[in-house]
């Protein structure tokens, strides 16, 4: 019997661990395709909602936000680049890379979900940000990503210039914060169970290969995996 999973992938295109987690999840799903039907919906989360457009140097940003030294920042980037490469993703982060505002990217992703091309746009935005070192807050970059994802670039430009879907993105962000999501990537399975962080493929395989009733037990047996219930709370 084929099991169905509804997966909410809460993430930010500015988060390198999000593309790592997504690649690992997709690989695990592909390996379980004969026993599993999975639907992924991408949900918005902004790591830096007050980031000015134009962004900030990555080294300066992590030093201010986390207190990391230049050496620590470089070592962390090298580890992330290696993890991404293992999953077939080219991450071209350097000392000159920048952290950008992603609110407009989330607006465009909301529209892409309506158009049925959300996954394609999500990947195009990760490529733009991490492989091309482009600004995912720049409307020209966003329109180009939309075209790459098979979306109409003219309509994409209209969405961006109009401010459309801003309220929907803010409401979705508030909803997921109200359910206890305060870090990404956060992968919510069937609205009940949370896998957090950029986990390797081996973490997802047991979860993807079991029925809904077996899910929690299977995932909990994987060493090093963080899993907690996703609790419903009233959203203000």
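The values are calculated or read from the model by the stated rules, or taken from the named source; none is laboratory data. Here the structure is a predicted model, which means the values were calculated and not measured. In this analysis, Cβ positions are derived from the backbone assuming ideal geometry, glycine residues included, and neighbour counts consider all displayed protein chains.
So here's what we get for this one:
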quantity	calculated
Single unsatisfied condition, residue 141 versus (1) over 30 Å from residue 189 (Cα atoms); (2) surrounded by fewer than 17 Cβ atoms within 10 Å (Cβ to Cβ); (3) at pLDDT 95 or above	(2)
Conditions (1) within 18 Å of residue 14 (Cα to Cα); (2) at pLDDT 80 or above; (3) within 15 Å of the chain's Cα centre (by Cα): number failed by residue 197	(2)
Near pairs, Cβ below 6 angstrom, 6+ apart or cross-chain, from the stretch 51-70 (within 19 Å of residue 133 (Cα to Cα)) to any residue that is at pLDDT below 90 and surrounded by 13 or more Cβ atoms within 10 Å (Cβ to Cβ)	59/73; 62/68; 62/73
Sole residue being in contact with a helix residue (DSSP H, G or I) (Cβ under 6 Å, 6 or more places away or on another chain), part of a loop (DSSP other than H, G, I, E, B) and under 28 Å from residue 143 (Cα atoms), chosen from 53, 42, 89	89
Checklist (1) at pLDDT 90 or above; (2) assigned to a helix (DSSP H, G or I); (3) over 16 Å from residue 106 (Cα atoms) applied to residue 18, failing item	(3)
Where residue 167 falls short, out of the listed (1) without any contact (Cβ under 8 Å) to a residue 40 or more places away in the chain; (2) within 24 Å of residue 78 (Cα to Cα); (3) out of contact with any strand residue (DSSP E or B) (no Cβ under 9 Å at 6 or more places or on another chain); (4) surrounded by fewer than 19 Cβ atoms within 10 Å (Cβ to Cβ)	(2)
Any hit, the stretch 11-25, residues being without any contact (Cβ under 8 Å) to a residue 40 or more places away in the chain and either surrounded by 14 or more Cβ atoms within 10 Å (Cβ to Cβ) or under 24 Å from residue 182 (Cα atoms) (or both)	no
Scan of the stretch 77-104 for residues that are surrounded by 19 or more Cβ atoms within 10 Å (Cβ to Cβ) and out of contact with any strand residue (DSSP E or B) (no Cβ under 9 Å at 6 or more places or on another chain), ordered by number	77, 83, 84, 89, 91, 93, 101, 104
